[in-house]
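K.L.:
Shown below is the structure under consideration.
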Amino acid sequence: MEKKPLKVARTKLILITGGARSGKSAFAEAYAKAASLEGRVAYIATAQVYDEEMKYRVQRHRERRPQGWQTFEAPTEEAVLAALRETGENFDVILFDCLTLYLSNFLCSCSEEELQHEKGLYKQIQAMAERLLSVVSAMTRARALVVVTNEVGAGIVPENHLARLYRDLSGLLNQQLADAAEAVYLTACGQAVNLKKMGLKAEAAAELDLGQSDSLT
């Protein structure tokens with residue numbers, strides 16, 4: 001009798017967002033630790049250390065992580081996709097911290113001329129999200145990919161073009177991943193809520209708020 005191949009469950013995408021010092025990374029780390037069955041967690045780090053402030057931030061994250069976790073430094077899209085392909089076959093859980101640094105690394109690699117073509121950048125960011133999701137869909141071992149991102153659009157409109165571009169593109173990137181995610185957690189004051197469980201589509205919200213009517217009068 002021919003042995004059937006073992007069916008592997010789809011890797012779940014978990015998105016964790018929030019403002020600065022909201023507790024999103026700490027929640028993501030605790031989530032990854034709890035979700036790992038064998039303690040095999042891969043940490044994909046997108047940060048690049050250019051100054052003492054970033055060095056301090058990176059050091060705090062390192063000290064908080066369990067020693068058994070394996071870190072993959074991946075500041076570029078090519079490095080991120082390669083790390084995801086490798087870790088998706090060899091680890092229980094993957095923690096990707098963070099999506100908005102991933103975006104800022106990309107924007108910093110663009111020329112001034114490229115930064116002026118917003119339509120082209122929007123298409124590139126959409127394609128980057130699609131490539132990332134395609135790699136996730138092909139994973140065979142990892143139970144979850146936990147992605148940390150930032151909410152950067154809740155304040156005033158930035159005064160310079162690059163900052164406005166970063167704000168807009170990060171919002172679009174967050175939306176693309178949130179649509180595909182199994183769960184989306186919003187953190188504030190160290191507390192997290194699952195937006196997917198609380199959220200409603202516009203049609204359902206309108207029906208819930210206003211009810212249905214056979215005719216308009």
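The values are calculated or read from the model by the stated rules, or taken from the named source; none is laboratory data. If you're wondering where the values come from, they're calculated on a predicted model, not measured in any experiment. Neighbour counts run over all protein chains shown; Cβ positions are idealised from the backbone, glycine included. Each accessible area value is taken on the protein alone, full model and side chains, heavy atoms only, with ligands, DNA and RNA left out. Shrake-Rupley method; radii C 1.70, N 1.55, O 1.52, S 1.80 Å.
K.L.:
Filter segment 115-139 down to the residues that are among the acidic types (D, E) and at pLDDT 95 or above and list them by number.
P.N.:
If the condition is that a residue be among the acidic types (D, E) and at pLDDT 95 or above, then E130 is the only one that fits.
K.L.:
Here is a further query. When you look at T17, is it open to solvent by less than 30 Å² (accessible area, probe 1.4 Å), polar (S, T, N, Q), modelled with pLDDT of 85 or more and part of a strand (DSSP E or B), yes or no?
P.N.:
Yes, satisfied.
K.L.:
Then there's this: From the list A178, A163, which one is at negative phi, small (G, A, S) and in contact (Cβ under 8 Å) with a residue 40 or more places away in the chain?
P.N.:
Testing whether each residue is at negative phi, small (G, A, S) and in contact (Cβ under 8 Å) with a residue 40 or more places away in the chain leaves just A178.
K.L.:
Of all the strands (runs of 3 or more DSSP E) wholly in segment 98-217, which have at least 2 residues that are loosely packed, with under 15 Cβ neighbours inside 10 Å?
P.N.:
Correct list: 191-194.
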